[in-house]
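The values are calculated or read from the model by the stated rules, or taken from the named source; none is laboratory data. Small disclaimer: the values here were computed from a predicted structure and weren't measured. Virtual Cβ from ideal backbone geometry, glycine too; neighbours counted across all protein chains shown. Surface accessibility is based on the protein's heavy atoms, side chains included, excluding ligands, DNA and RNA. Shrake-Rupley method; radii C 1.70, N 1.55, O 1.52, S 1.80 Å.
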Amino acid sequence: MNITITVHQALSEIDADAWDLTGAGANPFTSHRFLSALEASGSVGDGTGWHPAHLAARDDGGTLHGVAPSYIKLHSQGEYIFDHAWADAFERAGGQYYPKLQCAVPFTPVTGPRLIAAAPEVQAALLSGMAQLCTQNGLSGAHVTFCTEAEAEIGREAGFMPRTTQQFHWVNDGFADYDDFLSKLSSRKRKNLRKERERAQGFGGTIRQLRGAEIQPRHWDAFWEFYQHTGARKWGRPYLTRAFFDLLHDTMRDDCLLVLAERDGQPIAGALNLIGPDAIYGRYWGAVEEHPFLHFEMCYHQAIDFAINQGLSRVEAGAQGEHKLARGYLPTQTYSLHWVADPGFRRALEDYLERERNAVDEEIDFLRDWGPFKRG
């Protein structure tokens, strides 16, 4: 099969059904409606440093066989696979690290398909297209972040450099309920989590899980305030615009789980999750009041409750956070791929990445040994 790669500066240039039928629609974050909401809301595009450059793989008849959500980046913000040190080193040596090509879901540290195609040869063609796009446009390199393990292997075979990092995920071992999960923990950890949940729920109000039609526009008004609080504290300014949440409400309400803490009918804190076919993904949290352990309850324990009740296999609660370990979230490898045009810089990165992979493996083994579950 002869494959031609084209580059698109807006997702609207690609038919929504055709995009989703490549397999992109099976994951909420790579679906046409999610990525379109980012563009239509102005969360990516002009003035954001994220300029759409989506790759599409078609045969001679024009049939779409694969896609890769991609962006030309003018900075390294909102990626969660950190390469700031690479940029500093390259620029100190006289190179220009930006712009670069980023194959990713913006602001979303969630593993999922990035080289989205059924055939490995189409995935390889997408990678080749990325390198060619960089060469033709003077980009320093291409970076495929939070790809699947299988994609990482295809990328390695194609000459991309693999990188491993880690997150903390909760895995559902067929638990009947939250108490069943607790029964697998050591006695001290079990006691601690029970006390933590009691204290968190003692703020004088109620916690509700809302999904689909239960989520009303007024709930997004409240959540926007929470999101702004968190965004200002962590990033200086929120990545997402207010319009994004309106579009999420219109097109993806059924994929959302909104956890709200309310007192006297007024929301004081919220956590937004997206729901996939077999997992729930914690994305954003915020509050206008501080209460002990409320963050842990809203973001981690409520997600576990939902996953058990819905029979989902895991909870992915976002990037970083060793505090998740005590709450049953264990370290899990995540994967990315990197290609750089400069051969000297590439050799330096290859050496660095090999040492980093060994360190990540050792850290995961160490942290798993310190997990909260019973031994033996």
Name every residue in the range 155-171 that is buried (at least 22 other Cβ atoms within 10 Å of the Cβ) and in a helix (DSSP H, G or I), in order of residue number.
Gly155
Scope the range 246-290; condition free of Cβ contacts under 8 Å to residues at least 40 places away in the same chain and among the hydrophobic types (A, V, I, L, M, F, W, C); matching residues
Ala271, Ala279, Ile280
Any residue that is touching a strand residue (DSSP E or B) at 6+ places or on another chain (Cβ under 9 Å) and crowded, with 21+ Cβ neighbours inside 10 Å - is there at least one of those in the range 287-295?
yes
Residues that are of a type in the set (A, V, I, L, M), at pLDDT 95 or above and under 18 Å from the mean Cα position of the chain (by Cα): find the helices (runs of 4 or more DSSP H) completely inside the range 1-110 holding 3 or more of those.
32-40
Condition check: closer than 19 Å to Gly212 by Cβ, out of contact with any helix residue (DSSP H, G or I) (no Cβ under 6 Å at 6 or more places or on another chain) and open to solvent by less than 20 Å² (accessible area, probe 1.4 Å). Does Ala271 satisfy that?
no
Check the range 141-153 and report whether any residue there is farther than 18 Å from Pro113 by Cβ, open to solvent by 50 Å² or more (accessible area, probe 1.4 Å), touching a residue at least 12 places away in the same chain (Cβ under 8 Å) and not aliphatic (A, V, I, L, M).
no
Looking at Asp46, Asp59, which one is within 22 Å of Ala24 (Cα to Cα) and open to solvent by 10 Å² or more (accessible area, probe 1.4 Å)?
Asp59
State the number of residues belonging to the range 204-232 that are modelled with pLDDT under 95 and in contact with a helix residue (DSSP H, G or I) (Cβ under 6 Å, 6 or more places away or on another chain).
0
